[in-house]
Amino acid sequence: MSSPMSASNFLKVLKDEGLTVVQVGDWRTHNRNHKGPWGPVHGVMIHHTVTKGTARTVEICRDGYSGLPGPLCHGVIAKDGRVHLVGYGRANHAGLGDDDVLRAVIAETGLPADNEANTDGNRHFYGFECENLGDGKDPWPAVQLEAVEKAAAAVCRFHHWDAPSVIGHLEWQPGKVDPRGFSMTGMRTRIHDRLK
């Protein structure tokens, strides 16, 4: 069981991993903590945004939209590899997911099928939204994929987790498809190799 790292440590570990970080407004205190607890944290969740244009993507992820207030993640990973920090604490990114998947993440074992939506993921996962249309055609630049790898590894390194603690939204919540356009299995291999 891990308590969330401080916002200052979050910023530090991302920079220490070699990422270019953009701090957006009051990100350190912008959260949904009034809706429920943040932590214990058990893993990192990767998403795609279904948006185009970094400025608009960051704005949506920070502020949310009708029916889903922001922040919608902790960091937005842009096409150019920069990580825009938009919130810290509980964020509206994971929603309800499968308790069996959460147990597998905690145990760092193979993931079962996500066939239930009975567990609050916003409490337990750091979330990174990645700028991509999510149509399977929008490219994933190498620099962006490297930033996904580095961001997830940075959080894992701090908490002494390995790559099985990193999942895609599609592995957590039935019906979700993100991130679409690269393999989470392949990304976990990259993260594992980085953590060696």
query = In this structure, is HIS34 open to solvent by 60 Å² or more (accessible area, probe 1.4 Å) and either touching a residue at least 40 places away in the same chain (Cβ under 8 Å) or not in a strand (DSSP E or B) (or both)?
reply = yes
request  = Please determine, by comparing only the residues of region 103-129 that are farther than 19 Å from LEU68 by Cβ and in contact with a Phe, Trp or Tyr (Cβ under 8 Å, 6 or more places away or on another chain), which one is surrounded by the fewest Cβ atoms within 10 Å (Cβ to Cβ).
outcome  = GLU108
Selection within region 78-101 - part of a strand (DSSP E or B) and within 20 Å of GLY25 (Cβ to Cβ) = VAL83, HIS84, LEU85
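So which of VAL86, VAL101, VAL148 is in contact with a Lys or Arg (Cβ under 7 Å, 6 or more places away or on another chain), of a type in the set (A, V, I, L, M) and on the phi < 0 side of the Ramachandran plot?
Being in contact with a Lys or Arg (Cβ under 7 Å, 6 or more places away or on another chain), of a type in the set (A, V, I, L, M) and on the phi < 0 side of the Ramachandran plot holds for just one of VAL86, VAL101, VAL148, which is VAL86.
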inquiry  = Out of ASP114, ASP138, I need the residue that is touching a residue at least 24 places away in the same chain (Cβ under 8 Å), more than 23 Å from ARG32 (Cα to Cα), in contact with an Asp or Glu (Cβ under 7 Å, 6 or more places away or on another chain) and in a loop (DSSP other than H, G, I, E, B). Which one?
reply    = ASP114
key: Sole residue being touching a Leu at 6+ places or on another chain (Cβ under 7 Å), open to solvent by 10 Å² or more (accessible area, probe 1.4 Å) and assigned to a helix (DSSP H, G or I), chosen from ARG194, ARG190, ARG157   = ARG157
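The values are calculated or read from the model by the stated rules, or taken from the named source; none is laboratory data. Being a predicted model, the structure only gives us computed values, none of them experimental. In this analysis, Cβ positions are derived from the backbone assuming ideal geometry, glycine residues included, and neighbour counts consider all displayed protein chains. Side chains are part of the model used for accessible areas, which takes the heavy atoms of the whole protein and leaves out ligands, DNA and RNA. Shrake-Rupley method; radii C 1.70, N 1.55, O 1.52, S 1.80 Å.
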